[in-house]
Amino acid sequence: MTDFNVPDSPFEPGRQALVGLDESQLVPSGFGAARVHRGIRPALDQLSQAARAQGFELHIASGYRSFERQCAIWNAKAQGAKPVLDDAGHPLDPLALTAVERIHAILRWSALPGASRHHWGTDIDVYDGSRLAEGESVQLTQAETEGDGPFAAFHQWLSGYLAGDENPGFYRPYDRDRGGVAPEPWHLSFAPLANRYYRDMTVALLHEALESRDVALKRELLPLLPELVTRYVQVPEGPEPAPQSTPDHPPPGAPQ
């Protein structure tokens, strides 16, 4: 059996890992080609088993994503090679926008290179693979998760699971619209590890990662970083499960 880090083991993320430039903590997720931080594997397996017990088949659309991969996505959108969407999810003409307007439009749906939570391996995009017909692919849209969408039942169950006592520590960092990133009900973060990365991430570290790399709109981006981080990167930390007590180590105040 692989010796995974348990969530409460000592762990301090390094500077390179914070911005997607260190893959030393990654392991196969067990779900397709996606890789994840080794510390979330036991919790991920627990989530999968809970979903299977309810008739769902947990799949991962995206796990770890490197700086280079995020930069390729960013550059393609900034240069008009990939669609940029408005708040309603309709395509915009990015080249008809000013540079600053383009930056904000991209950040509504895609993270800045170096600032994606997927860089940490602690965050995953999930869906119910049993509801995809042969030849279909997941789009990760709101319409898929509500009403008559193919994953509506899965996300309804998932909402209850995340709020329950059996949840090992997952939460939705983009559960609602806070004026930055659009809601992403499919995006789960493993709080016991992700919170540590989040606390160590700084504007200065992000500036350093962007400054020396070929990132589209960099000249306009760098002066705006403090504002962009506040609006598009900062989210509430996730609740962490209370540590399990044992007979040898009762919780504080418990009868001895």
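Over the range 130-229, how many percent of alpha carbon pairs lie in each 10 Å bin up to the one with the longest distance?
Calculated P(r), rounded to whole percents: 12, 30, 30, 21, 6.
What list of ³J(HN,Hα) couplings, whole Hz, do you get for the range 235-241 from phi and the Karplus terms 6.51, -1.76, 1.60, once you set θ to phi - 60° and write x for glycine and proline?
9, x, 5, x, x, 9, x
Multiplying the sequence separation of ALA242 and ALA72 by 0.36 nm and subtracting their Cα-Cα distance, what value in nm do you get? Don't skip to the answer; put the middle values down first.
Working: separation 170, 0.36 × 170 = 61.20 nm, distance 3.91 nm.
So the extension gain works out to 57.3 nm.
Run the dipole for the range 129-245 about the Cα centre, Lys and Arg Cβ at +1, Asp and Glu Cβ at -1, nothing else charged, and hand back the magnitude in debye, nearest 20. The partial results should precede the final answer.
Details: 10 positive and 18 negative charges, 73 e Å.
Dipole size: approximately 360 debye.
5 Å is the cut-off here: which amide hydrogens, built 1.01 Å from N in the peptide plane, fall below it relative to SER62, excluding neighbours closer than 5 in sequence?
Amide H neighbours of SER62, under 5 Å, 5+ apart: ASP125.
How high is the relative contact order of the chain, in percent, counting Cα pairs under 8 Å that sit 6 or more residues apart? It would help to have the intermediate numbers written out before the result.
Working: 364 pairs, mean separation 53.4, N = 256.
Relative contact order for the chain comes out at 21 percent.
In whole Hz, with x marking every Gly and Pro, tabulate ³J(HN,Hα) for the range 115-127 from phi via Karplus 6.51 cos²θ - 1.76 cosθ + 1.60, θ = phi - 60°.
Going residue by residue, I get 10, 6, 5, 5, 4, 7, x, 8, 10, 9, 9, 10, 7 Hz, with x marking Gly and Pro.
For the chain, what percent of Cα pairs sit more than 33 Å apart? It would help to have the intermediate numbers written out before the result.
Working: 7034 of 32640 pairs.
Tail fraction, whole percent: 22.
Work out the length of the dipole vector of the chain about its Cα centre, built from +1 on the beta-carbon of each Lys and Arg and -1 on the beta-carbon of each Asp and Glu, and round it to the nearest 20 debye.
On the way: 22 positive and 34 negative charges, 114 e Å.
In debye, rounded to 20, the chain gives about 540.
Compute the Rg/Rh shape ratio of the range 15-141: radius of gyration over Kirkwood radius, all on alpha-carbon atoms.
Numbers: Rg = 16.5 Å, Rh = 16.1 Å.
That ratio equals 1.02.
Amide H to amide H, which residues 5 or more places from VAL84 or on other chains are under 5 Å from it, using H placed in the peptide plane?
Residues meeting the amide H criterion: LEU92.
Taking 8 Å as the Cα distance limit and 6 or more residues as the minimum spacing, I'd like the relative contact order of the range 47-197 as a percentage. Intermediate values should be presented prior to the final figure.
Working: 202 pairs, mean separation 37.8, N = 151.
With pairs under 8 Å counted, the relative contact order is 25 percent.
Using a 1.4 Å probe, what is the accessible area per residue for the range 121-256, in Å²? Intermediate results must be reported in sequence, preceding the final value.
Values: 7300 Å² over 136 residues.
Accessible surface, normalised per residue, equals 54 Å².
Once phi is turned into ³J(HN,Hα) by the Karplus curve 6.51 cos²θ - 1.76 cosθ + 1.60 with θ = phi - 60°, what whole-Hz value does each residue of the range 131-144 show in order, with x for glycine and proline?
My calculation for the range 131-144 gives 9, 9, 6, 4, x, 7, 9, 6, 9, 6, 10, 4, 4, 6 Hz in order.
Under 8 Å for C-alpha pairs, at least 6 residues apart: give me the relative contact order for the range 158-221, rounded to a whole percent.
Numbers: 39 pairs, mean separation 13.0, N = 64.
After rounding, I find 20 percent.
Starting from the Cα of ASP148, step 7 Å along the direction of its Cβ; do the same at LEU132; then give the gap between the two resulting points in nm.
Rounded to a tenth, the inter-label distance reads 2.2 nm.
What is the percent carbon and sulfur in the accessible area of the chain, measuring with a 1.4 Å probe over the protein chains and ignoring ligands? Let's see the in-between values first.
Working: 6630 of 13080 Å².
C and S fraction of accessible area: 51 percent.
Can you tally the net charge around HIS59? Count Lys and Arg as +1, Asp and Glu as -1, for every other residue whose Cβ sits under 13 Å from the Cβ of HIS59. Spell out each step's value before the answer.
Values: positive: ARG52, ARG131; negative: GLU57, ASP125, ASP128, GLU136, GLU144.
For residues surrounding HIS59, the net value is -3.
The values are calculated or read from the model by the stated rules, or taken from the named source; none is laboratory data. The model shown is predicted, which means the values in this text are computed figures rather than measured ones. All Cβ positions, even for glycine, are placed from backbone atoms using ideal geometry, and neighbour counts span all protein chains on display. SASA here: full protein model, heavy atoms, side chains in, ligands and nucleic acids out. Shrake-Rupley method; radii C 1.70, N 1.55, O 1.52, S 1.80 Å.
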